[in-house]
Each structure stands twice: as structure tokens, then as C-alpha cells.
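What follows is a set of notes on a single structure, which appears directly below.
The values are calculated or read from the model by the stated rules, or taken from the named source; none is laboratory data. Keep in mind that this is a model prediction, so the values were computed, not measured. Reconstructed Cβ throughout: ideal geometry from the backbone, glycine too, with neighbour counts over all protein chains shown. Calculation scope for accessible area: heavy atoms of the full protein, side chains included, ligands and nucleic acids excluded. Shrake-Rupley method; radii C 1.70, N 1.55, O 1.52, S 1.80 Å.
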Amino acid sequence: MKRKLSRPESMILKGKAHKLGDDVNTDDIIAAKYLVSTDAKELGRHCMESIKTDFVSKINVGDIIVAGKNFGCGSSREHAPLAIKGCGVSAVVARSFAAIFFRNAINIGLPFLESQDVDKINEGDELEIDLSGGIIKNLKTGETYKTQAFPGFLQEIVEKGGLMNYIKKRCQ
């Protein structure tokens, strides 16, 4: 029997922008000395500390990372998106992503969007992201940036908290 995938009606995220540059690698996201844990909250306490020591203290649950090109390059580890999610970040918007980060972010249910308009977004801008429509609104400036919609099945993975939870729920 074939199961029908349900597509979420609309998935809206809202949060403050935290700007990072190009080539933020997985060691920048979470230093190797913390890889002894896979607990998202524990990893989240140390997110970005090697490049922005006050990063975690400025995050409110739901905030959004906005970065340049090649975000998540470096070593292949799920610890990096886990740390981002664990510190309360709801999504990452970047000019481009390293392929391995792309896969690991899906596995743990962290939404990410590519946008060529990241330079128009400033630190602290309030963003609203419509994953279903592929629209990023800058509520501070009133500008709207179009990006590719986050596919329905990926939205379902995010809603379920990651790939393993998604699979478990689909097999029930």
C-alpha cells in the first residue's frame, strides 16, 4: 500500500538575523573538543564560540543565521547542525551551502535556504521565512526576497524533528 505524503500548508519561521561571513566551516560551528557529545542542547551551548564568543548569548529561540557562501564546509559531522539547532536557531539562510552540511541539516531537521540576497540583510533585522512559498521577508526594511521553496517532504522532516523521527512516524 502506497502512503500519500501530506504537504504542510504553510511553515512560517520568524526571528532575528545573526550575520556570519563566507566559508563558515563545521569546526567554526562546533569545535572538535565538544564532539564527545551528541546532545543538541550541550552542543548548542558552544555554537560558534571560536568565531563569535558571544554568539549563543545573543540567540533567542527562533532566530536565524544569515551567512555567505559555502556555509558548513569542512568535516562531515551532524554535530554542526545539531549545535545550531541546539542553541535555538530555527533556520540558516546562506548564499550557498557545502553539500555535506545540506545532507546533515536534513537529517536533524534544520531548515536552510539559499539566497543571493543575503548582503541586503543586516545583523538584527527581523526576518519572516515562508518555507512553503520560498519567501524571505525583512520586516525591518519591508523588502522581500524570493528563494526556492523548501520541498514538502523536507518540511515534514523538519516538523517531525529530523529524518529518524520522520521515518519512525511513517512506519507506524
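Rounded to the nearest 500, the helix-only mean residue ellipticity at 222 nm of the chain stands at -7000 deg cm²/dmol, with each DSSP H run of n ≥ 4 adding -39,500 (n - 2.57). For the range 125-172, what does the alpha-carbon gyration tensor say about shape, rounded, prolate or oblate, given a ≥ b ≥ c as the root eigenvalues, a/c under 1.5 as rounded, and a/b over b/c as prolate? It is prolate, given that a/c is not under 1.5 and a/b is the larger ratio. Accessible area per residue for the range 21-67 is 51 Å², calculated with a 1.4 Å probe on protein heavy atoms, without ligands, DNA or RNA.
Full extension of the chain between Thr38 and Asn165 yields a length gain of 44.1 nm, computed as 0.36 nm times the residue separation minus the alpha carbon distance. Peptides 145-153, 45-53, 89-97, 101-109, ordered by how many other C-beta atoms sit within 10 Å of their residues on average, highest first, read 89-97, 101-109, 45-53, 145-153. Can you spot the lysines whose alpha carbon is less than 25 Å from Lys19's alpha carbon? Ignore those fewer than 8 places along the same chain. Excluding near neighbours in sequence, the set is Lys33, Lys41, Lys52, Lys58, Lys69, Lys85, Lys120, Lys137, Lys140, Lys146. Within the straight-line cut-off of under 18 Å between alpha carbons, the aspartates and glutamates reachable from Lys16 are Asp54, Asp63, Glu114, Asp117, Asp119, Glu123, Asp125, Glu126, Glu128, Asp130, Glu143, sequence neighbours fewer than 8 places apart in one chain being disregarded. In sequence order, the range 91-100 has phi-based couplings of 6, 10, 10, 9, 5, 7, 10, 5, 4, 5 Hz under the Karplus curve 6.51 cos²θ - 1.76 cosθ + 1.60, θ = phi - 60°, and Gly or Pro positions carry x. Amide hydrogen proximity for Ala91: with H placed 1.01 Å from N in the peptide plane, the residues at 5 or more positions away or on another chain lying under 5 Å are Ile65.
In summary, the lysines within cross-link reach of Lys168, defined as a Cα separation below 19 angstrom excluding same-chain residues under 8 places away, comprise Lys2, Lys4, Lys160.
When a 1.4 Å probe is rolled over the protein heavy atoms, the share of accessible surface on the chain that falls to carbon and sulfur comes to 52 percent.
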